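Asker: Below you'll find the structure I mean.
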Ligand code: M6R
């Protein structure tokens, strides 16, 4: 079943070029420069009436939703809120009939996410779900939604479900954008960027492990790690930190890069490494000066950046390159070195990777 891989987590990390492809299969509509979904159960007219989106989820699914927030705001100019399902279900969050609620769940069985779905439906709102497991409770109770089609995920640390969720959310952002202001040309460019990801990710996976091993050795004995990213990469930083915590038991925190100065920089010293998620983008020059600030405090710097970015490579102790792709699809590539990094750190520390302590694959109690 493991097909020659040492753990399910590693197998699932390496499967991602195919699982992203499977999540998008049949959903591109090039002739109209958009994406399509069979199961939303909403007409284009109903979707155009939507004025606000709420995503409710837990853990990694919550991080994927946050990438979705940035993408939908960018491509469709719709306000999005991302809620912890456990908070949403008991808060009296105001929803009106032009708010569309989505819950996101790999398993489709997470108790709090199911609770959020039921609360939204109880208030009379159509409530959609982005789910991997067909036949799960959330899939059955939602009024419509999108399946991830990424195959069963066995590793307790979620990996391929995250990239499948982000791929589907990118297509959803394109779909909602094309119902509003996104032009044919920009829609087509976005579709082509998503289509190119499986191959680009294959290239990352083929080349990156030696650099990851070096980075893992730097982290294996450390007590605490900061993960920093901004814009679309802030949730990627949160996800990288969660992966490290879950399977290696090293304390890790994700922060928006520029927020570092407002507190977390106090933690930086020779013993506290920083992982920057910093592919080239509109704010890159600002990120480089944040990296310099950490360097000045002698913190080890591991960075995920764009291939050929000599300025970032020169100021990093370990540079983890990803291919140069449009910003909207960078999270799909940038998260994978972080998954592998967590995996190799846990391996060096002798941890039980597929069954980390205190965690279950799906949390079916509150
Ligand atoms: O099955 P779900 O997506 O609803 O699960 C949500 C979280 O419990 C899950 O993502 C958890 O945080 C994972 N262990 C992350 O690796």
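Asker: In whole angstrom, and with the biggest value first, how far do the Cα coordinates of the chain range along each principal axis?
Answerer: Principal-axis extents of the Cα atoms in the chain, largest first: 55, 45, 43 Å.
Asker: Please give the helix 197-207 orientation as an angle from the longest Cα principal axis of the chain, in degrees from 0 to 90, rounded to the nearest 10.
Answerer: With rounding to tens, the tilt is 20 degrees.
Asker: How do the peptides 40-53, 276-289 rank, highest first, by the average count of neighbouring beta carbon atoms within 10 Å per residue? It would help to have the intermediate numbers written out before the result.
Answerer: Numbers: 40-53: 14.0, 276-289: 18.9.
In descending order of packing, they fall as 276-289, 40-53.
Asker: Cα axis of helix 111-122 to longest principal axis of the chain: angle in degrees, 0 to 90, nearest 10?
Answerer: Long axis of 111-122 versus the principal axis of the chain: about 30 degrees.
Asker: While we're looking at this one, here's another question. Take the alpha-carbon positions of region 1-80, form their convex hull, and give its projected area averaged over all directions (one quarter of the hull surface) in nm².
Answerer: Values: hull surface 30.0 nm².
Mean orientational projected area (region 1-80, Cα hull): 7.5 nm².
Asker: So what is the calculated 222 nm ellipticity per residue for the chain, using -39500 (n - 2.57) for each DSSP H run with n of 4 or more, over all residues, to the nearest 500 deg cm²/dmol?
Answerer: Theoretical 222 nm ellipticity from helices: -14000 deg cm²/dmol.
Asker: If contacts are Cα pairs under 8 angstrom and at least 6 residues apart, what is the relative contact order of region 262-308 in percent?
Answerer: On the way: 52 pairs, mean separation 24.7, N = 47.
Value for region 262-308: 53 percent.
Asker: Give me the percent relative contact order of region 223-305, please, defined on Cα pairs under 8 angstrom at least 6 residues apart. Intermediate values should be presented prior to the final figure.
Answerer: Numbers: 147 pairs, mean separation 27.2, N = 83.
About 33 percent, as a whole number.
Asker: Enter the angle in degrees (range 0 to 90, nearest 10) between the Cα long axis of helix 330-348 and the first principal axis of the Cα atoms of the chain, meaning the one along which they spread out most.
Answerer: So the helix axis and the longest Cα principal axis differ by about 50 degrees.
Asker: A further question follows. Which three extents, in angstrom, do the Cα atoms of region 167-211 have along their principal axes, listed largest first?
Answerer: Largest first, region 167-211 extends 45, 18, 13 Å along its Cα principal axes.
Asker: OK, next. Would you mind calculating the relative contact order of the chain from Cα pairs under 8 angstrom and at least 6 residues apart, reporting the percent as a whole number? Each step should come with its number before you reach the end.
Answerer: Numbers: 737 pairs, mean separation 72.5, N = 366.
Across the chain, relative contact order equals 20 percent.
Asker: Now a separate question. To one decimal place, what Kirkwood hydrodynamic radius in Å is obtained for region 213-366 from all pairs of distinct Cα atoms? Walk me through the intermediate numbers first.
Answerer: On the way: mean 1/r = 0.0644 Å⁻¹.
After inverting the mean inverse Cα-Cα distance, the result is 15.5 Å.
Asker: Here's something else I'd like to know. Arranged from highest to lowest average of other beta-carbon atoms within 10 Å per residue, in what order do the peptides 304-312, 22-30 appear? It would help to have the intermediate numbers written out before the result.
Answerer: Details: 304-312: 18.9, 22-30: 16.8.
The most tightly packed comes first, giving 304-312, 22-30.
A short reminder: the numbers here are calculations on the coordinates, not readings from a lab. Keep in mind it's a predicted model, so treat the numbers as computed, not measured. With ideal geometry, Cβ positions are generated from the backbone for all residues, glycine too; neighbour counts draw on all protein chains shown.
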